[in-house]
Amino acid sequence: MEKEISQAVIRRMPRYYRYLGELLDDGVERISSNDLSNRMCVTASQIRQDLNNFGGFGQQGYGYNVKYLHDEIGKILGLDQTHNIIVIGAGNLGQALANYVKFERLGFRIIALFDVNPALQGMTVRGIKVHMLDELDDFCKENQVDIAALTMPKEKASITASHLVDLGIHAIWNFAHVDLELSQQDVVVENVHLSDSLMQLSYNIVKNQKQK
C-alpha cells in the first residue's frame, strides 16, 4: 500500500522545486539542509522529514545535489509529463491564465478556451483559440484533455464540473467562487480562492498595525 503523504508536505513541494530552480540558475551544485532552510525559512529538520517521505535524496556530509533533487521533485509533482488544459470562461481571468507562459515551461499546456459569449468566438489569446461552449463535447472527444480550469460564475460551476467529469476529465482547477466537492473518488479538485489570500494579507496588515 502506498504511503499516505500529508497535504501540508505536498503544499511545500512546489516551494522546494521553485527554490532549487533558483539555485540552479545561480550555478549552485549542492546545498545542505541547513543552507536550504535559511533560504526557505523552514527548519532543516522539516526539510529532511519532508524529503524522507519520498526517499530522502541527501547524503550525510554532502547534502543535496541541487539538479538531482530538483529533477526528482519535478517527477514527484508530475512535471516530467505534459498536461493539456482547457479553460472554461474566456473573460479577464481566463485570458490571464492563457497568457501566462510559465505554465508551459512546467509542462502545463493550455490548448483551448471556451465561453458562451458569441463576441469572443474565434478570437485567440496568445494563439489559443476561444471556442463556444457548445463545442466542448466534440473537442474533448477529439483531443486529450487532462485538466479543466473553471474561471466562470459560481452558479454554473458545479454542473459544468460534473459535465466535464462525464466527458472524461478527472482534474478540475476551480477558480469559481465556490468550493467544488465532486463525489467521484478518481476526480481531483483544486479550489483556488484569490480573495482568501488577500484577506489573509489584510489580517496581517491589521495585526502589524496593532503591534506598533
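The values are calculated or read from the model by the stated rules, or taken from the named source; none is laboratory data. In this text, all values refer to a predicted model and were calculated from it rather than measured experimentally. Glycine gets a Cβ as well: all are built from the backbone with ideal geometry, and neighbour counts include every protein chain shown. Accessible surface areas use protein heavy atoms only, side chains included; no ligands, DNA or RNA. Shrake-Rupley method; radii C 1.70, N 1.55, O 1.52, S 1.80 Å.
Here are a few things to note about the model shown:
- Verdict on Q46 being touching a helix residue (DSSP H, G or I) at 6+ places or on another chain (Cβ under 8 Å) and closer than 24 Å to E22 by Cβ: yes
- Looking across the stretch 83-113, the residues that are under 12 Å from M152 (Cα atoms) and either open to solvent by 60 Å² or more (accessible area, probe 1.4 Å) or touching an Asp or Glu at 6+ places or on another chain (Cβ under 7 Å) (or both) come down to G89, A90, N92, L93.
- Conditions (1) within 18 Å of G74 (Cα to Cα); (2) surrounded by 15 or more Cβ atoms within 10 Å (Cβ to Cβ): number failed by S37: (1)
- Those strands (runs of 3 or more DSSP E) lying entirely in the stretch 147-212 with at least 3 residues under 26 Å from H83 (Cα atoms) and in contact (Cβ under 8 Å) with a residue 60 or more places away in the chain: 147-150
- Test for I73: is it of a type in the set (A, V, I, L, M) and modelled with pLDDT of 95 or more: no
- The stretch 174-212 - residue that is over 21 Å from the mean Cα position of the chain (by Cα) and of a type in the set (G, A, S) and, of those, least open to solvent (accessible area, probe 1.4 Å): S202
- Positions within the stretch 40-56 being of a type outside the set (S, T, N, Q), part of a loop (DSSP other than H, G, I, E, B) and either farther than 19 Å from I76 by Cα or open to solvent by less than 40 Å² (accessible area, probe 1.4 Å) (or both), in sequence order: C41, V42, G56
- When residues in the stretch 1-28 are screened for being in a loop (DSSP other than H, G, I, E, B), open to solvent by 40 Å² or more (accessible area, probe 1.4 Å) and under 19 Å from K75 (Cα atoms), 4 of them pass.
- Candidates in the stretch 145-159 are the residues that are farther than 19 Å from D196 by Cα and at pLDDT 95 or above; of these, the one that is surrounded by the most Cβ atoms within 10 Å (Cβ to Cβ) is A148.
- Summed over the stretch 134-146, residues that are over 19 Å from G94 (Cα atoms) and assigned to a loop (DSSP other than H, G, I, E, B) total 2.
- Inspection of the stretch 100-120 finds no residue satisfying the criterion of being of a type in the set (S, T, Y), modelled with pLDDT under 95 and within 25 Å of S6 (Cα to Cα).
- Any hit, the stretch 160-173, residues being under 16 Å from the mean Cα position of the chain (by Cα), surrounded by fewer than 19 Cβ atoms within 10 Å (Cβ to Cβ) and farther than 16 Å from L113 by Cβ: yes
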